[in-house]
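Let me begin by presenting the structure, written as structure tokens, before commenting on it.
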Amino acid sequence: MSLLPLEDIPGPLPASTAGPAPAPFRLPSAARLATKVLTLLPLLLIAVWAAVDWRAMYDGTARLASADPWWLLAAFFFTCLGWGTAALVRQGAVPDRLPTGLLIASQFAAGAANHALPASIGAHAVTLRFLQGQGIPLPRATASLALYSLVRPIAKTLVLLVFLISFPEMLRFGQLAPRGWSLLLAVGGLATAVATATVLLAVVPRLRRPVLRCVRTALTDVRQLHTMPSRILALWGGAAAAPVLQATVIFAVGAALGMPLSWAQVVLAFLAASTAVGAVPAPGGIGPVDAATVFTMVAFGAPMDLATASVVGYRVLTVWVPLLPGALLLSALVHRKVL
């Protein structure tokens, strides 16, 4: 038996009045921090670009304010068709069935990224993340981007040839064909690019192996795609329709401003200009393609001020108007882990 008095045993210790112990401080995970940065990055790029290129946005908006609203509505309609066409070509470059709504949303968001980085790097990065999010392995997703990048200039060149054959009297070779140093620079740039790629593949084994694996994957997917009529129509039909729709937007803006060129002339001018300087690595083709398009339309007989205003208005409709909604959608897709 215990000799301690049981009645003197102290009760339970009083509850602490200091509250629960504070949770230890933890730094946010790298993935969460990267998601927040990627969510805000498109908006930051818009702010920087607006500060650099505000004059073009202001001039184009002022011109469009006095234009025919019905032609501008038609231009906006063809702009929307262009986003659907981009999604159609992306679907045509992949054998797998992609969700239509998310595919169109990703391409609309990719447009914002495309106008922030040169050589379509931004759009390809967004599409690559989207394809991986849909369960497509990285080699096959990369191969689809390569196929997309290859088909578009080929289809554009074929459409240009069709227009040249259909309207031979409209092309003025003496004014539009590159001459002298321009032709020499173009040929030299192409030869330098091919030689550089060849040398890198020959002397860097670590680069050669993934490139060869990507080429084999691409050839396998190309053979499979061209046994599917729906993919052939989506890939080649969409790639052929895309530049025509872009030129139609320029024509509609020009018609709203009173530019005296026909639809065929504007389409041919845009096709010739974008084919000649489209490989210049500018964000979204802005700059070189714009200048070449203005030059070509002036060669067809358009006044310089109307040709310039039409191209600036085209950029306002296709770049500035959808830029903020596209960036917000891009941020939302990143936040929801679709990208």
query: Label residue 166 and residue 219 with points 7 Å out from Cα along Cα→Cβ: what is the distance between them in nm?
result: 3.6
query: If R0 is 30 Å, what FRET efficiency do you get for residue 206 and residue 232 from their C-beta distance, rounded to 0.05?
result: 0.25
- request: Return the distance in nm (one decimal) between the two label points of a simple spin-label model at residue 70 and residue 194, each offset 7 Å from Cα along Cα→Cβ.
  value: 5.1
statement: Of 228, 304, ordered by accessible area with the largest first and a 1.4 Å probe, the sequence is 304, 228
- prompt: Given 0.36 nm per residue, what is the gain on full extension from residue 96 to residue 328 after removing their alpha carbon distance, in nm?
  reply: 80.8 nm
field: Ranked order, 142, 127 - accessible area, probe 1.4 Å, largest first
entry: 142, 127
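The values are calculated or read from the model by the stated rules, or taken from the named source; none is laboratory data. If you're wondering where the values come from, they're calculated on a predicted model, not measured in any experiment. Using ideal geometry, Cβ is built from the backbone for each residue, glycine included, and neighbour counts are taken over all protein chains shown. SASA here: full protein model, heavy atoms, side chains in, ligands and nucleic acids out. Shrake-Rupley method; radii C 1.70, N 1.55, O 1.52, S 1.80 Å.
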